[in-house]
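The values are calculated or read from the model by the stated rules, or taken from the named source; none is laboratory data. Because the structure is a prediction, the values reported are computed rather than measured. Methodologically, a virtual Cβ is constructed for each residue, glycine included, from the backbone with ideal geometry; neighbour enumeration extends over all protein chains shown.
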Amino acid sequence: MTIAANAEIHPSAVIEHPVAVGEHTRIWHFCHVMAGAQIGADCSLGQNVFVASRVAIGNGCRIQNNVSVYDGVTLEDEVFVGPSCVFTNVANPRAAVRRCASFLPTLVYRGATLGANSTIVAGNTIGRWAFVGAGCVVIRPVPDFALMVGNPARQIGWMSRHGERLNFSSGTAQCPVTGESYRLDQDRVDILSPIPMPAAEPQL
């Protein structure tokens, strides 16, 4: 496990060893990354982000300020985690009951967005390119491309890979920005005509 030579780590951040940090990843003020954590390339961890030991973060992820990523959480590539998003590691915590051996895994698939102040209850999965709105409380698995709002989170539609709402008036829809085509088959969305995603914007 190594830290890439071109990774940028602010002097105020605490990085325990060993950890893996990929190329061009930036770790900002007052972050704490515990030994054993794995962070991919081209990621950005905003101020005051905590990453526990048994966490895997893919390439191109953006984790905004004041997020704690607890043991058992896996973020695939290109996941966006909004400010103050909350991950839990057990579903029924009690201060007087130790449940460290009962941590539940949480998997966030590629391209998903977790909005500011959303809560992801342990043991759930967030599907590919799903969009969890600000303030949502996710208590059950979220399908690919689903648009979720509310507490508890409920699905109100579908989103494209580009982050635009899809209108399935006739079983098919196009992303209004890219023109990428999608098909809705019962509760499943498939891409009919994939278009390359735009290159990531430079990190500031």
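Return yes when ASN117 is surrounded by fewer than 14 Cβ atoms within 10 Å (Cβ to Cβ) and in contact (Cβ under 8 Å) with a residue 12 or more places away in the chain and no when it is not.
Details: surrounded by fewer than 14 Cβ atoms within 10 Å (Cβ to Cβ): no; in contact (Cβ under 8 Å) with a residue 12 or more places away in the chain: yes.
No, not satisfied.
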Subject >> Top-ranked residue of region 25-34 - restricted to ones that are in contact with a strand residue (DSSP E or B) (Cβ under 9 Å, 6 or more places away or on another chain) and surrounded by fewer than 20 Cβ atoms within 10 Å (Cβ to Cβ), ranked as nearest to ALA7 (Cα to Cα) >> reply: ARG26
**OP:** Out of ALA56, ALA41, report the one residue that is of a type in the set (Gly, Ala, Ser), within 23 Å of HIS17 (Cβ to Cβ), modelled with pLDDT of 95 or more and more than 13 Å from the chain's Cα centre (by Cα).
**Re:** ALA41
Original post:
Residues in region 1-19 that are in a strand (DSSP E or B) and either crowded, with 17+ Cβ neighbours inside 10 Å or at pLDDT below 95 (or both): how many?
Top reply: 3
**OP:** Answer yes or no as to whether MET197 is among the aliphatic types (A, V, I, L, M), under 25 Å from ALA91 (Cα atoms) and out of contact with any helix residue (DSSP H, G or I) (no Cβ under 7 Å at 6 or more places or on another chain).
**Re:** no
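So in region 74-110, with the set limited to residues that are in a loop (DSSP other than H, G, I, E, B) and within 10 Å of the chain's Cα centre (by Cα), which one is farthest from PHE145 (Cα to Cα)?
Across region 74-110, the extreme among qualifying residues is CYS85.
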Subject >> Criterion: over 25 Å from ASP187 (Cβ atoms) and of a type outside the set (Phe, Trp, Tyr) - qualifying residue of ASN89, ASN151, ASN124 >> reply: ASN89
Original post:
Just a yes or no: is a residue in region 130-140 among the aliphatic types (A, V, I, L, M), surrounded by fewer than 17 Cβ atoms within 10 Å (Cβ to Cβ) and free of Cβ contacts under 8 Å to residues at least 24 places away in the same chain?
Top reply: yes
Original post:
Of all residues in region 88-106, how many are surrounded by 14 or more Cβ atoms within 10 Å (Cβ to Cβ) and either among the small types (Gly, Ala, Ser) or in contact with a helix residue (DSSP H, G or I) (Cβ under 8 Å, 6 or more places away or on another chain) (or both)?
Top reply: 1
Subject >> Close pairs from region 173-192: first within 13 Å of PRO143 (Cβ to Cβ), partner surrounded by fewer than 11 Cβ atoms within 10 Å (Cβ to Cβ) and not β-branched (Val, Ile, Thr), Cβ under 6 Å, at least 6 apart >> reply: LEU184/GLY171
Original post:
Going by the conditions given, is ALA134 of a type in the set (A, V, I, L, M, F, W, C) and closer than 24 Å to VAL86 by Cα?
Top reply: yes
Original post:
Residue check: is VAL69 crowded, with 20+ Cβ neighbours inside 10 Å, closer than 26 Å to MET148 by Cβ and free of Cβ contacts under 8 Å to residues at least 24 places away in the same chain?
Top reply: yes
